[in-house]
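Here the structure is laid out as structure tokens; the discussion comes afterwards.
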Amino acid sequence: MSLIRNTKILLLAALASFSAAAQNAYLTITSPAPDVLVNAQMQVAASITDLDGTPMDPSGISWTSSDTTIATVAPDGTIKGIFPGDAFITASDSSTGAAARIPMHVVPSSLAIQTPVQQFRVGDTLQLTAAAFDAAGKAIPGVQFQFRSGEPAIASLASNGAMTGVAEGFTTVEARVSTRSEE
């Protein structure tokens, strides 16, 4: 083997043993669901054990959100959905340095598509709009949507909601919330 390859193998072995030796506790996050609604709350919990599985004092656990414009998390682990998107919720223990994180999807409770007409002719174009609603049934301002036609050969649909009749027939229309995803 070459010297470079042997050095890479030794370096990888050293890094693996360093990270295992530095880890002296396991921190686990439990969540009742992977999603939280906009303008709703959900309680998550964290537990910490030593390497043998013995429970440790959880008083040093703190919480953070990777994007507080999407979701916030209180010191007790209560997550609040702020705006549709994805954020990571992290629990860290100041005593041991152990940390864990989970992805949290913040979603609207419902969506609605508005069309100016139910029927239109081949060659006509119309603009569709959509609205997203929070847990209280209120419209969420600033949400961007992506639109899709179930039958593009019948009606083409641009991602911004401009629909054009292509041929006679029926189609379904879909609107999705455009979200930013981290990592």
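The values are calculated or read from the model by the stated rules, or taken from the named source; none is laboratory data. All figures in this text were calculated on a predicted structure; none of them were measured in a lab. Glycine also receives a Cβ, built like all others from the backbone with ideal geometry; neighbour counts cover every protein chain displayed. Remember, those area values only see protein heavy atoms, side chains included, never the ligands or the DNA or RNA. Shrake-Rupley method; radii C 1.70, N 1.55, O 1.52, S 1.80 Å.
Before moving on, here are some points about what is shown:
- So Thr171, is it in contact with a Ser or Thr (Cβ under 9 Å, 6 or more places away or on another chain), farther than 24 Å from Thr69 by Cα and open to solvent by 70 Å² or more (accessible area, probe 1.4 Å): no
- Number of the condition not met by Val107 [criteria: (1) more than 24 Å from Pro141 (Cα to Cα); (2) of a type in the set (A, V, I, L, M); (3) touching a residue at least 12 places away in the same chain (Cβ under 8 Å)]: (1)
- Residue that is nearest to Gln41 (Cα to Cα), among those in the stretch 56-94 that are among the polar types (S, T, N, Q) and touching a residue at least 40 places away in the same chain (Cβ under 8 Å): Ser66
- Sole exception among (1) surrounded by fewer than 15 Cβ atoms within 10 Å (Cβ to Cβ); (2) at negative phi; (3) of a type outside the set (Ser, Thr, Tyr); (4) free of Cβ contacts under 8 Å to residues at least 60 places away in the same chain for Gly137, by number: (2)
- Restricted to the stretch 56-129, the set of strands (runs of 3 or more DSSP E) holding at least 2 residues that are within 26 Å of the chain's Cα centre (by Cα) comprises 61-65, 71-73, 78-81, 85-93, 99-107, 110-114.
- Conditions (1) without any contact (Cβ under 8 Å) to a residue 40 or more places away in the chain; (2) farther than 30 Å from Phe147 by Cα; number of the one not met by Ala98: (1)
- Cβ-Cβ under 6 Å pairs, at least 6 apart or on other chains, the stretch 27-46 side free of Cβ contacts under 8 Å to residues at least 60 places away in the same chain and open to solvent by less than 30 Å² (accessible area, probe 1.4 Å), far side polar (S, T, N, Q) and not in a loop (DSSP other than H, G, I, E, B): none
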